[in-house]
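Report on one structure; see the data block that follows.
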Amino acid sequence: MSAAGLETAGLTVRYGGLVAVDQVSLTAPMGGITALIGPNGAGKTTCFNACTGLRRPAAGTVSLFGADVTVRAPHVRAQRGLGRTFQRIELFDSLTVRENVALGREALLAGSQPLNHLLRRRGDRQAVARAVDDALERSDLGSLSGRRVGALSTGQRRLVELARVIAGGFRFLLLDEPSSGLDSEETERFGSILCGLVADRGTGILLVEHDIGLVMRISAYLYVLDFGQLIFEGTAAEVAASPIVRAAYLGSEADALIGAG
Ligand SMILES: Nc1ncnc2c1ncn2[C@@H]1O[C@H](COP(=O)(O)OP(=O)(O)OP(=O)(O)O)[C@@H](O)[C@H]1O
Ligand SMILES: [Mg+2]
């Protein structure tokens, strides 16, 4: 687990006077799951937005597969293999599961030139169909593929979102609270899907997640953010044993943290 995936160095993002991400340096290699955790408002989503190019950092750099992409547009990063899911579910309710998942692949093919869409060759269409079938199967959604997404449960919708980003064929994924709203059984399954993806494809994943139990089980390495700054990094066992990390969390989350160690 050493090939360069996603890396930030001194990454700093400001909203007016607020420093939401403050000189964050982290490395998330290929072929493994790295977690970015921290209390509400710590700056996790903002960090993702800087990594994908939705927000221009005030300072620092973002590297993807060893190349500096700090000033690259979001679609360029996506075409190079960077995919993401959003904290709030972003699906098309009136489309079927399969149609939603297919969009993950088609958006990548179309890139910044939607006309490519119309001009696509038969080979491309077959590649889309294969990627969609594989993503549906990995996500246990085969039996739901014809259902309208609006009729699904939150847990199922989260899986559709995951399947869509899997179908995109990205080499590196940023997942922002992908399991929020899932029950414990669904969360367990979700973890297995992510681990399977890493094992089979060597995908690199940077995971933001409030379910500490899940994070601790599947992450090789964790970064802990608080008020925009990294306050700790280490393995799950090291994070669970850290008084600094425990102090940053309150109540039930702190208990979960201790329990996970
Ligand atoms: N568009 C924005 N404009 C101004 N301030 C923002 C904006 N987005 C986020 N913030 C602020 O930046 C800080 C970091 O927010 P961010 O959403 O990155 O945190 P987070 O760690 O993802 O939190 P959560 O766990 O609740 O999702 C917070 O203080 C938040 O209020
Ligand atoms: Mg967030």
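None of the figures in this text is laboratory data; all of them are computed from the coordinates on show. Given the structure is predicted, the values throughout are model-derived calculations rather than measurements. Here the Cβ positions follow ideal geometry from the backbone for every residue, glycine too, while neighbour counts run over all protein chains shown.
Residues in region 180-193 carry Karplus couplings, in order, of 5, x, 8, 7, 5, 5, 5, 5, 4, 5, 4, x, 5, 4 Hz; the curve used is 6.51 cos²θ - 1.76 cosθ + 1.60 with θ = phi - 60°, and Gly or Pro positions show x. Within the chain, which is the longest segment that contains none of the trypsin sites (Lys or Arg not before Pro) sitting in a DSSP loop with at most 11 other Cβ atoms within 10 Å? It works out to 122-261. Amide H contacts of Ala59 (H built 1.01 Å from N, in plane; Pro and chain starts excluded): Thr12 sit under 5 Å, all sequence-distant by 5 or more or on other chains. The H on the amide N of Glu209, modeled in the peptide plane, is under 5 Å from the matching H of Leu36, Glu177, each at least 5 residues off or on a different chain.
To the nearest ten degrees, helix 251-260 and the longest principal axis of the Cα atoms of the chain are 80 degrees apart. Compared with the dominant principal axis of the Cα atoms in the chain, helix 122-138 is inclined by about 50°. Among Ser242, Ser143, Ser192, the ranking by other beta carbons within 10 Å of each residue's beta carbon, starting with the fewest, stands as Ser143, Ser192, Ser242.
Assuming 1.002 mPa s and 20 °C, estimate D for the chain with Stokes-Einstein, Rh taken as the Kirkwood radius over Cα pairs, in µm²/s. Walk me through the numbers before you get to the answer.
Working: Rh = 18.8 Å.
Roughly 114 µm²/s, to the nearest whole number.
Where both bridge residues fall in the chain, DSSP classifies roughly 55% of the beta bridges as antiparallel. Maximal additional length on extending the Arg56-Ala241 stretch stands at 63.1 nm, based on 0.36 nm per residue less the C-alpha distance.
Amide H contacts under 5 Å for Arg147: Val97, Arg98, restricted to partners 5 or more places along the chain or on a different chain, H placed in the peptide plane at 1.01 Å from N.
Based on Cα contacts under 8 Å between residues 6+ apart, the chain shows a relative contact order of 25 percent.
Restriction of the chymotrypsin sites (Phe, Trp or Tyr not before Pro) in region 1-91 to DSSP coil positions whose beta-carbon has at most 13 other beta-carbons within 10 angstrom yields no sites. Selection among Gly155, Thr34, Gly16 by position relative to the dipole of the chain gives Gly16 as farthest towards the positive end (Cβ unit charges, Cα centre).
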